[in-house]
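The values are calculated or read from the model by the stated rules, or taken from the named source; none is laboratory data. Worth saying up front: this structure is predicted, and the values here are computed from it rather than measured. Cβ placement follows ideal geometry from the backbone for every residue including glycine, while neighbour counts extend to all protein chains displayed. Only protein heavy atoms, including side chains, enter the accessible area calculation; ligands, DNA and RNA are left aside. Shrake-Rupley method; radii C 1.70, N 1.55, O 1.52, S 1.80 Å.
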Amino acid sequence: MYGISCCRYLDNKVFVSLANGDLAAYRRDSAGGWETSKPSTITLGSATTPITRMLAVQGKLWCGCQNNVLVFNPCTLSVEQTFAVCSDVSRAVLHMASFGYGVWASVQNSAVIKLFHSLTYECIMEANMAPSVAKMLAGCNDIIRQHKAACLRITALLCCKDLLWVGTSAGVILNLAIPHLTASATPYPVLAPNVAGISHGHTGHVRFLTCVEMTPKKHLTAKTKQASKGRSVRRRGSISVASRVLVISGGDGFEDFQHFASNDSAGRDDSTNHLLLWQV
């Protein structure tokens, strides 16, 4: 039995990437249950180059394998396209996030994110997060700032409501507006992104980023008119409040990057796991 790297559901199948480089595809049986004992197994990597990340994009499964992305067809169970995210074979693809026709990706031990077109696989833009992180850390202790800058890397990616959220090993969370791409294969005049740092983050690594949609509540638009017994109750129609989304980050400690603690309480909760929530 091999370890599991990640799982994804797509095209009524569950795909499981294994530590030996295999991809197992589980189907449903005629009764609607899962055939757990008879998966289809496809070898995409090896024990030294396993599939490190999977993402459903435009009906295909993007598999990060070493420094490459393998575009996998879930119907034919075959690889349709392969392209390199970076030229360094020692850096595996660790994080991917998609929005529309764009897919953001980052590799191991790197502070650079890249934007690829989901149909042409063209690299449209790349951005280094290091300068923006350095601005957020400008007020912290010199030794801490130098240590975080030296080992800076991307640790989480999330696309939510036209924004890309970027988690880093420094605990800083950044976001930038996502360019709207079309299905056309023509070149895109995409400008350098405006990366903004969020004032609150974590003392240690940002472990994950996710989002949750909150259920909207309904409010009556007019007063209820109650008649005497035996007569009907008349109400006007109700409308739904626009749905709200919470972005959630998990990581070690809590940090206010605008007001660094300098008293005895500094560092007290650095090793305590924290969840931070933003309403967007």
Enumerate the calculated ³J(HN,Hα) couplings along the range 74-84 in order (Karplus 6.51 cos²θ - 1.76 cosθ + 1.60, θ = phi - 60°), each rounded to whole Hz, writing x wherever the residue is Gly or Pro.
x, 7, 8, 6, 9, 7, 9, 7, 9, 8, 8
Net charge near residue 279, counting Lys/Arg +1 and Asp/Glu -1 over other residues with Cβ under 14 Å of its Cβ?
+1
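Whole number in Å², please: accessible area per residue of the range 1-88, 1.4 Å probe, ligands, DNA and RNA not counted. If you can, show how the numbers build up before the last one.
Details: 4380 Å² over 88 residues.
Value for the range 1-88: 50 Å² per residue.
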Nonlocal amide H pairs with residue 163, under 5 Å, H built at 1.01 Å
178
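How much space per residue, in cubic angstrom, does the convex hull of the C-alpha atoms of the range 3-125 take up?
On the way: hull volume 12.3 nm³, N = 123.
Roughly 100 Å³ of hull volume per residue.
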Show me, for the range 128-139, the HN-Hα J-couplings you get by feeding each phi into the Karplus relation (A = 6.51, B = -1.76, C = 1.60, θ = phi - 60°), rounded to Hz, glycine and proline as x.
8, 7, 4, x, 5, 5, 4, 5, 5, 8, 4, x
At residue 88 and residue 182, where each label point lies 7 Å from the Cα along Cα→Cβ, what is the point-to-point distance in nanometres?
3.7
Given a 1.4 Å probe, the accessible area of the range 93-154 per residue, as a whole number of Å², is 45
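For the cross-link pairs 38/114; 38/60; 60/135, which exceed 29 Å when the distance is taken from alpha carbon to alpha carbon? Don't jump to the answer; show the numbers that get you there.
Numbers: 38/114 37 Å; 38/60 22 Å; 60/135 38 Å.
Those over the limit are 38/114; 60/135.
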Could you list the square roots of 5 times each eigenvalue of the Cα gyration tensor of the range 69-162, that is, the equivalent ellipsoid semi-axes, sorted largest first and rounded to whole Å?
31, 15, 10
Share of accessible surface on carbon and sulfur in the range 69-221, whole %, 1.4 Å probe and ligands ignored, is 56
